[in-house]
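Inspection log for the structure reproduced underneath, given as structure tokens.
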Amino acid sequence: MYTISYHMKEMILKKNYLKLVICFTFGVIALVIIILPHVLTNSRIHHRRHIRYATDLKYILFWGKTKSHRSRLAHHKPTEFLPGQRTFINQKCPHINCYITYEKDTLANDEDFDAVVFDIDYVLKMDVNFLNLTRSPEQLYIFRSSETPEKHILCDHDLEYFFNMTWTYRLDSDIPQPFLEIYSSNKTLVGPKTNMSWVERMRKSKKFSNKIKEKKKAVAWVLTKCKLKSKHADFIKELRNELRGYNYTLDIYGPCSQKKCPGGSAIKCYKMVEKEYFFQIVLEEYLSKDYVTEVMVTAMSHLAIPIVLGPADYSDFLPPGSYVNAQAFDMKKLGALLDYLIKNPDMYEFFFDWMKYYYYQVRSRSHVCDLCTKLNQYNGTTIVKTEFRKWWDPDYRDVCQRKRLYKLFNTEP
């Protein structure tokens, strides 16, 4: 009896020991799985590049483009660049000592690239822990996008501390790339920029009085796309109903509208709007901060007050008293304001005083000079974007949570 009891205790001890070993083993494996990606990442950031001098070429690797894409994209896509120095020379940049490549093996060592540019399209699908890149502390990883967070939300927590600089349409980017340029009357580039400073007292002009007298119609919208966002459709419907109470019309011109542009030309459309209408509607596709696109250049180049619906703040892009921001009024007040300006030409004329001081141009999306200038200004001090996702979209937590829940409950194939 004693022997049987002893053996049973021994068997129980062995089972408990075996369970302990198994649990320990699985624990170690789990720990390795969690830590390994970070170890691999950190192991890539201990190399230092060879000694560089100020006169050396600044090598820029655009990550994620394959060989087959390189030449085709550079020739046909305006936001892509030709490899080599040619782009900087052709654009007559202040600094031309920069070299673009789409090939990682252009240099023998990855860490010798001065900068690696990651386009938003690639960032969306990459895993930063498994990039086939060796990174040096002096190297700059640059986030690039001409798209908005409304279109491309970034939820991956590993993107924190990954980028050193940003290169986007946002004016608070390290390398701002807005869609338009503002020049003073003496042809000096003055904006857009953060905390834009405008001429404080603009002198009254009667230059456009005769043209304004010819206007008979209220509001026009030149629509180049057939597909209309629901938020735009709702705004147009509400404004049209409000204007109807004043016996005004809101006329839409475009390929899918009842009213067609003269000769099917958008340019002729804007000429016609300038002659006949008091106001023109400018709706941005997205309402993100600083997302003011090339369509604004066309609007500001024609004599009809723009009614804008886009980012909440236009103060860095448009002179004060040059536009009507639809988001600053409820629909009743907006309708009343438009009616007042139509019936008071002297007040209406004030909206064009800025034209004596500024003019607008489209900024080429292929403009790359600022990138080379930034690399030449860089002093090697380590800089890291610590709250990158919050910078990109202050509401990213809520948006990412909704995205996760959608994936969790959307079981359709």
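The values are calculated or read from the model by the stated rules, or taken from the named source; none is laboratory data. No experiment lies behind these values; they were computed from the predicted model shown. Cβ placement follows ideal geometry from the backbone for every residue including glycine, while neighbour counts extend to all protein chains displayed.
Give region 316-358 a look and list any residue that's under 17 Å from Lys207 (Cα atoms), among the polar types (S, T, N, Q) and surrounded by fewer than 19 Cβ atoms within 10 Å (Cβ to Cβ), or say none.
Asn344
What do you reckon, is Cys400 of a type in the set (A, V, I, L, M, F, W, C) and surrounded by 19 or more Cβ atoms within 10 Å (Cβ to Cβ)?
No; evaluated as a whole, the condition is false for this residue.
Going through Ala336, Ala328 one at a time, which residue ends up being of a type outside the set (S, T, N, Q), under 26 Å from the mean Cα position of the chain (by Cα) and farther than 19 Å from Val297 by Cα?
Going through Ala336, Ala328 in turn, just one is of a type outside the set (S, T, N, Q), under 26 Å from the mean Cα position of the chain (by Cα) and farther than 19 Å from Val297 by Cα: Ala328.
Out of everything in region 261-286 that is over 18 Å from Phe235 (Cβ atoms) and within 27 Å of the chain's Cα centre (by Cα), what residue ends up being surrounded by the most Cβ atoms within 10 Å (Cβ to Cβ)?
Once the filter is applied, the top-ranked residue is Tyr270.
State which residue is nearest to Val297 (Cα to Cα) when the search covers only region 188-206 and only residues that are out of contact with any strand residue (DSSP E or B) (no Cβ under 9 Å at 6 or more places or on another chain) and without any contact (Cβ under 8 Å) to a residue 24 or more places away in the chain.
Thr188
With respect to Asp346, determine if the residue is part of a helix (DSSP H, G or I) and either among the acidic types (Asp, Glu) or at pLDDT 95 or above (or both).
Here the answer is yes, as Asp346 does meet what is asked.
Could you count how many residues in region 137-147 are farther than 23 Å from Gly310 by Cβ, buried (at least 19 other Cβ atoms within 10 Å of the Cβ) and of a type outside the set (Phe, Trp, Tyr)?
Of the residues in region 137-147, the ones farther than 23 Å from Gly310 by Cβ are 137-142.
Remaining after also requiring buried (at least 19 other Cβ atoms within 10 Å of the Cβ): 139-142.
Those still in the list that are of a type outside the set (Phe, Trp, Tyr) too: 139-140, 142.
Number satisfying all stated conditions: 3.
Here's a check for you: in region 359-389, which residue that is touching an Asp or Glu at 6+ places or on another chain (Cβ under 8 Å) and part of a helix (DSSP H, G or I) is nearest to Tyr99 (Cα to Cα)?
Taking the candidates together, the pick is Leu375.
Return yes when Pro94 is modelled with pLDDT under 55 and either of a type in the set (S, T, N, Q) or surrounded by fewer than 16 Cβ atoms within 10 Å (Cβ to Cβ) (or both) and no when it is not.
Answer is no for this residue.
So in region 300-315, with the set limited to residues that are in contact (Cβ under 8 Å) with a residue 60 or more places away in the chain and assigned to a loop (DSSP other than H, G, I, E, B), which one is surrounded by the fewest Cβ atoms within 10 Å (Cβ to Cβ)?
Applying the filter and picking the extreme gives Ser315.
Yes/no matrix, rows are residues, columns are (1) without any contact (Cβ under 8 Å) to a residue 24 or more places away in the chain; (2) within 25 Å of Leu154 (Cβ to Cβ); (3) of a type in the set (A, V, I, L, M):
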{"residue": "Met347", "(1), (2), (3)": "yes, no, yes"}
{"residue": "Met355", "(1), (2), (3)": "no, no, yes"}
{"residue": "Tyr359", "(1), (2), (3)": "no, no, no"}
{"residue": "Phe388", "(1), (2), (3)": "no, yes, no"}
{"residue": "Pro394", "(1), (2), (3)": "yes, yes, no"}
{"residue": "Lys403", "(1), (2), (3)": "no, yes, no"}
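Among the residues of region 359-382, count how many are loosely packed, with under 13 Cβ neighbours inside 10 Å and over 18 Å from Gln177 (Cα atoms).
Adding up the residues that qualify gives 4.
Residue by residue, here is whether (1) assigned to a loop (DSSP other than H, G, I, E, B); (2) more than 22 Å from Ser146 (Cα to Cα); (3) touching a Ser or Thr at 6+ places or on another chain (Cβ under 9 Å) holds:
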| position | (1), (2), (3) |
| --- | --- |
| Val292 | yes, no, no |
| Thr298 | no, no, no |
| Pro320 | yes, yes, no |
| Lys332 | no, yes, no |
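Taking Thr224 as the residue in question, decide whether it is among the polar types (S, T, N, Q) and either under 19 Å from Lys275 (Cβ atoms) or free of Cβ contacts under 8 Å to residues at least 12 places away in the same chain (or both).
Judged against the criteria, Thr224 is not a match.
Just checking, which of Glu150, Glu160 is surrounded by fewer than 16 Cβ atoms within 10 Å (Cβ to Cβ) and either under 30 Å from Ile342 (Cβ atoms) or in contact with a Lys or Arg (Cβ under 8 Å, 6 or more places away or on another chain) (or both)?
That would be Glu160, the only listed residue that is surrounded by fewer than 16 Cβ atoms within 10 Å (Cβ to Cβ) and either under 30 Å from Ile342 (Cβ atoms) or in contact with a Lys or Arg (Cβ under 8 Å, 6 or more places away or on another chain) (or both).
So the check is Cβ under 7 Å with 6+ separation or different chains; which pairs have a first residue in region 156-172 that's closer than 18 Å to Asp316 by Cα and a second one that's exposed (fewer than 15 other Cβ atoms within 10 Å of the Cβ)?
What qualifies is Leu171/Thr194; Asp172/Thr194.
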